[in-house]
Structures are given as C-alpha cells and as structure tokens.
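Heads up: the structure comes next, in structure tokens.
The values are calculated or read from the model by the stated rules, or taken from the named source; none is laboratory data. Every value quoted in this text rests on a predicted model; they were computed, and no experiment measured them. Neighbour counts run over all protein chains shown; Cβ positions are idealised from the backbone, glycine included. Side chains included, ligands, DNA and RNA excluded: accessible areas come from the protein's heavy atoms. Shrake-Rupley method; radii C 1.70, N 1.55, O 1.52, S 1.80 Å.
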Amino acid sequence: MARLALRNLSRNRRRTLLSAGIIALGCALSLVVLGFVERSRSLIQESTVQQFGNIQVADPALLDGRAEGFEYLIPPAEQAQVAALVRTERGVLGTTAQLALSGLLAVRRTTAVVRAVGVVPENDVLDYNDLVIEGRGLGPADVGAVLVGQTLADELGLRPGDFVNLTATTVAGAFNVSPLEVVGLFRFSSVEVERAQVFVPLSFAQLLLATDGVDRIVVRLDRLGRTWTAARAIGVKLDAAGIPLEVRTWDVLSPFYQSLSGFFDILFGFLVAAVFILVFFIVLQILTLSFLERTREVGTIRALGTRQGEVFRLFVEESLWLGLVGGGIGVLAGAAISFLFNAASIPWQPPGTVQAVALGVDFTGAVVLIPFAVSVVSTLASAFLPAYQATRVSVVDALRAV
Amino acid sequence: MQRSGFCYVNGTPVLETRNLIKDYPLGRENVRALDGVDFTAVQGDFAVINGPSGSGKTTLLNMLALIDRPSEGEVLFEEKPTSRLTEGELALLRREKIGLVFQTFNLIPVLSVAENVEYPLLLTRAPRGARRERVAARLDEVGLSGFGKRRPDELSGGQRQRVAVARALVTQPRLVLADEPTANLDSTTGKQIMELLQGLNTDHCVTFLVVTHDPSVVDYAQRVLTIRDGRIQGEEKRGAPRPA
Ligand SMILES: Nc1ncnc2c1ncn2[C@@H]1O[C@H](COP(=O)(O)OP(=O)(O)O)[C@@H](O)[C@H]1O
Ligand SMILES: [Mg+2]
C-alpha cells in the first residue's frame, strides 16, 4: 500500500513537481528567515549577557526603578552571604559585585550625565576590559581611573590620558567630586551604552558615594540555557535564607532585548502562518484535482474490497510522501541559500548597535525542524478534505465516473 | 453429486437472491431497474445472464458483488443474508470471497501487471512468499508469465483483461462476477477470454457469473438466464458446456 501511495506520485510528474516545488519554496523561505532571526537573536543575546551577566541579584526597589534614596544598597555581610549561597548552585562560574551611580562628567567646559558603573577590575565574571579598543583596561591597582565609550569620547573630545571630573551625591546627600584619568576607550554593541555609561573601579564608586555597600551581585553561568532554572533555584535559596533580594535574568534586565525578541517572534510567527496558509490552499487545489481524477480507480479498489478508511489512508500517505519530499527539497534549498548568504558576508547593522556585522543565517536543528514540520503538516492538512471526499463516493457511482 | 467438467459440484448455494428490487430515483418518479429477481448460483456454476442494454444486468451484478444494496429483497452470500452488514464487513467479504472482472478492465495504471494481480492479496495480508507464488501461478494460467513487470498500458486489450482475470482469481474466491467482459474486445479475443474463464471455472471449481448482451458468450455457459426489464424471463440449462 505504501508502494501504491508512493507510485501515485509518479502518475502526473509535472503536477507532483509543482506541488513539491511549492512546498519546498515555503519551507526554504521560512527556513532562511528563521535562520536569520535566530542568528540575530543570538547576537543580541550575546551582547545582552555581555552587558548584564546571566543573572543579577539586587533589591526589588532598584530593579523596578522605584528607589528614592540609597536604601537598596547591599552591606558587605549580606553581599558575602549571597555570594556564598549563589556559588553552591550548579553551573555558577562565579559572582561579582557592582555599584552604579548617576553623575555628571565634566571635561573643560562640557558636561555629560553618565551612569558610572563600579566594577571589580579584572574579575573573571563580568569585566569590560575586553571591550577596550584604545588605551588599557581597569587594573586592580586603579582607583581614580575610568573607561569611556567611544561615542561619548568623540562627543567630549576625550583621549586616553585625559582627566575628567565626576560629580555625584553621596549616600548622606552631600555633593562629592573627584578627578578621574581616562585610561581606555571602549566600544559596545549598543549605542546607548557607549554614550551614557562609563566604567570605574568599584572602590572608586564606593569612595565617591561614601559607602561600603554594593547595589547588585552579578552571576556568571556556564551555559546561557541554564539561566532560568538557576535563577529560580537562587530565588528559592534567597527566600529560604530570609534575604529580601530579588533575582533577575539577563533577558528581563534588557528591555531592548525583550522588545526585539518579541518582534522577532511576531515576524516569524506571521511568516510561518502565511506560508502555512499559502501552501495549504495551493496544495489543496492540486490534491483535490488529483484525487478527483482517480474516482474510478477508487471505485475499482473499493469493489475489490479496500475499505473506505484504507482508501483515506492511501491518499493521506501519498500526501505525506509529497510533504516529506517537498520539505526535504526545501531544507536542501534553504541550506544552500543560507550557505551562500553566510559566504557572501553581506554587512548589516542591527538596530541600536554601533558596528555592522556580517549578515548571517543560522542552520541549526530548530531552524531546520520547524519549517520542515510546518511544510509536512500543511501538506497533510490539505489532503484531509479531498481524501475524505474521495472515500465518500459510493462504489457504484465511483465506478461509473469517467 | 453432479459432475461438471472436472469440477465436482455439491449443490451448496454460493449466492442467492430473494425478490430483489432496485429503484432509481428519476426526477420525481422512480425507475424500477430490478423487479423481483430470484436467482441461485451453486458452487462450480458457470452462469450467463443475458439481456439487452438497459435490462438491469449491471444493476443486478452490483447487488451480487455486494457493492450496491437493493431497495427491497435480500442477497444471501454463502447462505447468510448481507443486508445488515456494514460497508466495512461487505468490503472484507468482497476481498476474500469475490473476484470481479470489469468491462473496461480497470487495472491500476501505476502498478505493474504483477502488482495489479498482487493487490487483493495485500488486502488479505497474505505473506510475501505466498503472494509471489500465487501471482506467478495466476499469470501463468492466463498465459502472461513473462509480462509481470510490464505496465498495463503496454498491453493489448485482451492481455489486460487476462490480467484482470488473474487478479479476480488470485485470492481463490468463491465467486467470480464479470460485467460484459468481452464488450471492449474484438470477437476473437472475446472468445479467448471466455475460453479462459471456462477453463478456470473447471480447474478452480469457482462459481462464475457473467452478464452480457453478447450472444456468442452464451455458448460457454452451463446455465443461461435471460433478463428483460429487470426480470429474469427464463433459464436454459446446458449439460456439457462446450461451444462449437
Ligand atoms: N444510477 C442510476 N440512476 C438512475 N437510473 C439508473 C442508474 N443505473 C441504472 N439505471 C437505469 O436502470 C436500468 C438498468 O440499467 P443497467 O443495470 O445499467 O442495465 P444494463 O447493464 O443491462 O445495460 C436502466 O433503465 C438505467 O437507465
Ligand atoms: Mg451494463
């Protein structure tokens, strides 16, 4: 019976090729788009984790942006407790603390509002030294040193070796100002970060704010995929220890990533739906005609004792083969297009980034499987109605058909 | 026991109809295509139902083949009534016990000759070895031993009908029904087909029932029934079924 189903595809080669071609086209198209979306998504994931780490532990008031003073600061004892507790979780590579502050960066007569992020220099969890393109990174001996983004440096005319003044309000509410040496310039994928964020040693930030606290603990994991299970587990441990801090994952920490990822999902969902519907209706037309032409044959095999269900299965099996062949060709074609795209390395600047990257298309399991499955399912879906109709005709009427 | 050729007939009815009536709707009225047919075929019979075009032959044959249901009356297959059986049960009965030969051969064009003959055995889920053996034997019997790999469209009309005959016999059915099997063939080829059917009837002791409007077919029958306007008009028994 499988043989007959397969053989039936050779009945009208042109028509079979046409339907397989349409299925393949839909499959290849969604494969390339999905590959592109996934590549872009993983680029953005990378830069988001580079900015935020995998997980951050901080006071909910700070995380939700409703802090009024410095009540969110984590004192050293609690910081040590959290670090110890987090490190027991599987997949945790390490933790580091940060302290961010808002301040006014002044150079000669120009000023800029910046967010200065105090980091532990040369920590192995999240330091930004590998982003430095000119000058050097922050070292353990540095105190009055700052890394400035390329965009901001251009605006303020800064070069490594220049001095700037950073003004901020201390925890107690007093103004404090300190000179800083620009030791390096960095580039970051996001324009926003490059323009509005500078990096200083944690010790400097604490000195400027006159505190020994930090505002967050950043957690680095071995795998990106472990982020959410680890976050949940750490949250449970914090609650159990009675520590009133909350856990946030990198995707939630970056509103930019969230909106872009959501946009990608909608884009791809829409495309898949369009391809599904298009393939469904075109193949439905073709199969309806193809099954109708064989009414007399259906009459013959039913007269010979083939049951209605078996005839139905025969048609569905035939379209399953069609879907598999079409989808298979689509995957091959999609792979070829992806390969050409990646080989051509067309430059593309993703929204909100500073540097163009090569336009890339991922070719992974999910990228192949989803369009392939969608092609097969839509082909099968188009077969059901005509196959059902073909089995409904009475044997005698079917035999009389021309 | 009655001897008929080489086939010993014990008189068990294979097929029996009781007061078969079939009405077709035509506009607001009904056309009565069969009007009370009573007919019995026993094991080993070779019966021909003869009648002019439109007399109800195909209608009757469809009832006997269990592919259509009568408006009234009953068809008994192997002495069991069939009107209460479901479509699925009828299909199972057909695949196992009834062979069909059509006027237009009705081979499946995408299957080879051997695969066409094999098809009913796939339905009965016969094992592969048995299928091969039986297909080869039936093709040999109809004189098409070397033709198994050919496609139906590579064969002549007579050869195609031989394939259809092989297909009808491959499951070793109790009953073979043929609707005008010679109507699409020239007279010489038609005679060859009838001789083939006659020989198979004797060899396999299968009940054959042929409907036709071709008078020359009548020569091969042991029983000739005449149908007119949906009624069996009369029956003629012929002792030794050997045509001139
Ligand atoms: N499906 C049908 N609908 C209406 N009338 C039919 C149908 N099939 C057969 N008939 C009528 O029934 C009568 C017998 O037809 P049929 O059995 O095909 O005769 P035969 O096979 O002897 O030529 C004819 O009058 C024919 O017009
Ligand atoms: Mg007829």
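A count restricted to the range B:13-59 and to residues that are within 13 Å of ligand 2 (Cβ to nearest atom), more than 12 Å from every other protein chain (Cβ to nearest Cβ) and not small (Gly, Ala, Ser) stands at 5. Checking the stated criteria, residue B:77 turns out to be away from ligand 2 (no atom under 16 Å from the Cβ), among the aromatic types (Phe, Trp, Tyr) and either under 23 Å from residue A:299 (Cα atoms) or modelled with pLDDT under 95 (or both). A single member of B:44, B:56 is within 10 Å of ligand 1 (Cβ to nearest atom) and crowded, with 19+ Cβ neighbours inside 10 Å, and it is B:56.
In this structure, residue A:174 does not satisfy being open to solvent by 10 Å² or more (accessible area, probe 1.4 Å) and at positive phi. Does the range A:242-251 contain any residue that is in a helix (DSSP H, G or I), under 30 Å from residue A:301 (Cβ atoms) and of a type outside the set (Gly, Ala, Ser)? No: zero hits. Residues in the range A:282-339 that are surrounded by fewer than 22 Cβ atoms within 10 Å (Cβ to Cβ) and more than 14 Å from every other protein chain (Cβ to nearest Cβ): 20 in all.
Taking the range B:113-131 as the range and being part of a helix (DSSP H, G or I) and surrounded by 15 or more Cβ atoms within 10 Å (Cβ to Cβ) as the test, the residues that pass are B:113, B:114, B:115, B:116, B:117, B:118, B:119, B:120, B:121, B:122, B:123, B:131.
Restricting attention to the range B:84-112, the residues that are over 22 Å from residue A:402 (Cα atoms) and either under 20 Å from the mean Cα position of the chain (by Cα) or at the interface with chain A (Cβ under 7 Å from one of its Cβ atoms) (or both) add up to 13. Being part of a helix (DSSP H, G or I) and either touching a Phe, Trp or Tyr at 6+ places or on another chain (Cβ under 6 Å) or within 16 Å of ligand 2 (Cβ to nearest atom) (or both) holds for only one residue in B:210, B:217, B:135, and it is B:217.
Here is a yes/no grid of residues against (1) touching a Lys or Arg at 6+ places or on another chain (Cβ under 6 Å); (2) over 19 Å from residue B:67 (Cβ atoms); (3) at pLDDT 95 or above:
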| site | (1), (2), (3) |
| --- | --- |
| B:162 | no, yes, yes |
| B:165 | no, no, yes |
| B:172 | no, yes, no |
| B:218 | no, yes, no |
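When the range A:374-402 is filtered for residues that are more than 16 Å from ligand 1 (Cβ to nearest atom) and either within 12 Å of chain B (Cβ to nearest Cβ) or open to solvent by 50 Å² or more (accessible area, probe 1.4 Å) (or both), the ones remaining, listed by number, are A:377, A:384, A:385, A:388, A:389, A:391, A:392.
Exactly one residue out of A:191, A:125, A:214, A:117 is at pLDDT 90 or above and under 28 Å from the mean Cα position of the chain (by Cα), and it is A:117. For the range A:178-201, the criterion of being open to solvent by 30 Å² or more (accessible area, probe 1.4 Å) and assigned to a strand (DSSP E or B) is met by at least one residue.
Criterion first (more than 12 Å from the chain's Cα centre (by Cα) and within 13 Å of ligand 2 (Cβ to nearest atom)) does residue B:62 satisfy it? So residue B:62 does not fit the description; no. Looking only at residues in the range B:150-202 that are touching a strand residue (DSSP E or B) at 6+ places or on another chain (Cβ under 9 Å), more than 14 Å from every other protein chain (Cβ to nearest Cβ) and over 15 Å from residue B:105 (Cβ atoms), the one that is farthest from ligand 1 (Cβ to nearest atom) is B:202. Whether any residue in the range B:88-100 is touching a helix residue (DSSP H, G or I) at 6+ places or on another chain (Cβ under 9 Å), touching a residue at least 12 places away in the same chain (Cβ under 8 Å) and within 16 Å of ligand 1 (Cβ to nearest atom) is what I want to check. So far as the range B:88-100 goes, yes, one or more of its residues are touching a helix residue (DSSP H, G or I) at 6+ places or on another chain (Cβ under 9 Å), touching a residue at least 12 places away in the same chain (Cβ under 8 Å) and within 16 Å of ligand 1 (Cβ to nearest atom).
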